[in-house]
Amino acid sequence: MSWAQCTCFFSRNIFVRSLSMTFEYFGDESFLTTYKSFLHKLKVTDDKIDEILAEVRRESSDRRFESIRSLERKVNIVKHYTPLSRTSFVLSADDYQPLVANLLRKMKQRRFEMDEVFSLLEPVPELQEVYTLPLLTTACLRRLNAELDAFLASGLPASRPNTMNRQGILLCELPGHLARAHPETPSDPGGADVDLISQGLLSSVGPVSLRCLLQLIFPDIGGKIDSYRAFTVEYEGPAAVDLETTMDSGLSYHYDNAELTINICLRLQKSGDRSFDSAVTMPVDEDAAGGEICFAHPDPHWIMEEPCPPAALVPNQPGWALLHRGSHVHGAQPLAPGYVRRNLIIWLRSTSVRNSHSPCPRCHLRPQIVPLPYWLNGQVVEGKLPPSDQHVITSGFGDGFWLDSLPSQSASLLTQ
């Protein structure tokens, strides 16, 4: 029994930033046969096509080893990084906005009215199943940002958050509260992502959880989430951004490899002001800051035609969460010069969907899955997960597929 990923990750949806387009790679000859004439129609020269081919080939090769490299980075981080607090990512009821915390308690006890829900949960006009919610307190944002800033300042190598964003942190690579930094037998059966989500946002035993809310607004899937991929993304206004830099200003249209997505703004402030307290107490002009989340179409098979104005723009507000289906095509508008933004993205997944002979949500084909590796007693191992009392380090849940069978209560971390 093991978490697994679809092999389409190795060869499909390879993003080329210079064209804001995605490509597939099944060898040089196949690539040129598929794309050369099309790129010529876009006035792309042969020399540029050679550059694009080299970029796509390199990315495809890197992806084949990414799960192992991510695991090796996690081992290195567990050994050498000392968090500001072992429980920075463990959420308590006090970390939620009081009105939201009270509503979530009542929802778990089934003592709520629908009017109460929609007095806090705001549907986005003109969009289907897209909602915003004032979720986390200023104190919680301060703690999370301080821990994330401390890790970035450590200089330890970390993975890209996803295949499109260049800056951010995979929370599965950060140590969880159960991590042990023994030099020879380090261990971490979870990670910061497990602390934040399994024991916080989607806890099945805690007094405050989004689980009941997701079941209400997404009744077909909200109660079936059993894995996730959580990461931060960093944006900076375009004055200091171009194709040669490592910072992003905005993000092209895409859909998420997720059944549901939670997007929480952790920071939006002037780039010269690194004081989070002042960024909260002095509200940012959202219209001036830019960086809105732009939604285009609810169907991932939709083909974008240029120019295409978004159906709706959703501004970023620190502490607010944006909830939507992962299949809803969306992007991020460019951030205005002089501003920085940090968001926490959580892709929620369900094995009841992914192991049900349905197409892979990323490639829309029959999934071809391979097990996710883990670290055990000093070496990388693939296959059945060992008992939790072993010196094991895991890094995430792959694509949310479960190899051999659906997760039992002991296997699914969301039952903790």
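The values are calculated or read from the model by the stated rules, or taken from the named source; none is laboratory data. Since the structure is predicted, the reported quantities are computational estimates derived from the model, not experimental observations. Backbone-built Cβ (ideal geometry, glycine too); neighbour counts: all protein chains shown.
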**Asked** If you take the residues of the stretch 33-86 that are polar (S, T, N, Q), touching a residue at least 40 places away in the same chain (Cβ under 8 Å) and under 17 Å from N162 (Cα atoms), which of them is surrounded by the most Cβ atoms within 10 Å (Cβ to Cβ)?
**Response** S67
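Taking the condition under 30 Å from S187 (Cβ atoms) and polar (S, T, N, Q), does S67 pass? Walk me through it before giving the result.
Details: under 30 Å from S187 (Cβ atoms): yes; polar (S, T, N, Q): yes.
Judged against the criteria, S67 is a match.
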**Request:** Starting from residues that are farther than 23 Å from D95 by Cα and of a type in the set (D, E), keep the ones in the stretch 117-135 and report whichever is surrounded by the fewest Cβ atoms within 10 Å (Cβ to Cβ).
**Result:** E126
**Item:** Pairs with Cβ under 7 Å, 6+ apart, first in the stretch 260-272 and over 16 Å from A230 (Cα atoms), second modelled with pLDDT of 95 or more and part of a loop (DSSP other than H, G, I, E, B)
**Value:** R267/P318; L268/N316; L268/P318
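Being touching a helix residue (DSSP H, G or I) at 6+ places or on another chain (Cβ under 9 Å) and outside any strand (DSSP E or B): is that true of L365 here? Break it down stepwise before answering.
Values: touching a helix residue (DSSP H, G or I) at 6+ places or on another chain (Cβ under 9 Å): yes; outside any strand (DSSP E or B): yes.
In short, yes.
Just to be sure, is S30 surrounded by 12 or more Cβ atoms within 10 Å (Cβ to Cβ) and within 29 Å of D226 (Cβ to Cβ)?
Working: surrounded by 12 or more Cβ atoms within 10 Å (Cβ to Cβ): yes; within 29 Å of D226 (Cβ to Cβ): no.
It is false that S30 is surrounded by 12 or more Cβ atoms within 10 Å (Cβ to Cβ) and within 29 Å of D226 (Cβ to Cβ).
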**Filter pass, R354 being of a type in the set (D, E, K, R) and in contact (Cβ under 8 Å) with a residue 24 or more places away in the chain** = yes
**Asked** How many of the residues making up the stretch 7-30 are in a helix (DSSP H, G or I) and more than 20 Å from S252 (Cβ to Cβ)?
**Response** 5
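Can you tell which of I77, I52 is at pLDDT 95 or above and over 23 Å from the mean Cα position of the chain (by Cα)? Give the steps one after another, and end with the answer.
Working: I77 fails: over 23 Å from the mean Cα position of the chain (by Cα).
Criteria check complete, one pass: I52.
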**Complete:** When (1) in contact with a helix residue (DSSP H, G or I) (Cβ under 8 Å, 6 or more places away or on another chain); (2) over 24 Å from L210 (Cβ atoms); (3) β-branched (V, I, T) are applied to T138, the one that fails is (2)
**Prompt:** within 30 Å of C172 (Cα to Cα) and touching a helix residue (DSSP H, G or I) at 6+ places or on another chain (Cβ under 8 Å): does that describe R57?
**Reply:** yes
**Residue that is nearest to N257 (Cα to Cα), among those in the stretch 1-32 that are in contact (Cβ under 8 Å) with a residue 12 or more places away in the chain and acidic (D, E)** = E24
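Counting just the residues of the stretch 203-228 that are outside any helix (DSSP H, G or I) and without any contact (Cβ under 8 Å) to a residue 60 or more places away in the chain, which one comes out surrounded by the most Cβ atoms within 10 Å (Cβ to Cβ)? Spell out the reasoning first.
Here is the first cut: in the stretch 203-228, the ones outside any helix (DSSP H, G or I) are 203-210, 218-228.
With the extra rule that they be without any contact (Cβ under 8 Å) to a residue 60 or more places away in the chain, the set shrinks to 219-220, 222-223.
Details: P219: 9, D220: 11, G222: 21, G223: 15.
Restricting to residues being outside any helix (DSSP H, G or I) and without any contact (Cβ under 8 Å) to a residue 60 or more places away in the chain, the top hit is G222.
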**Item:** Residue identified as crowded, with 16+ Cβ neighbours inside 10 Å and modelled with pLDDT under 85 among L406, L372, L413, L376
**Value:** L413
**Fill in**
Scanning the stretch 106-165 residue by residue, those modelled with pLDDT of 95 or more, aliphatic (A, V, I, L, M) and not in a loop (DSSP other than H, G, I, E, B) turn out to be V130, L133, L136, A139, L141, L144, A146, L148, A150, L152, A153
**Message:** Among the residues in the stretch 176-190, are any among the hydroxyl-bearing types (S, T, Y) and within 21 Å of the chain's Cα centre (by Cα)?
**Reply:** no
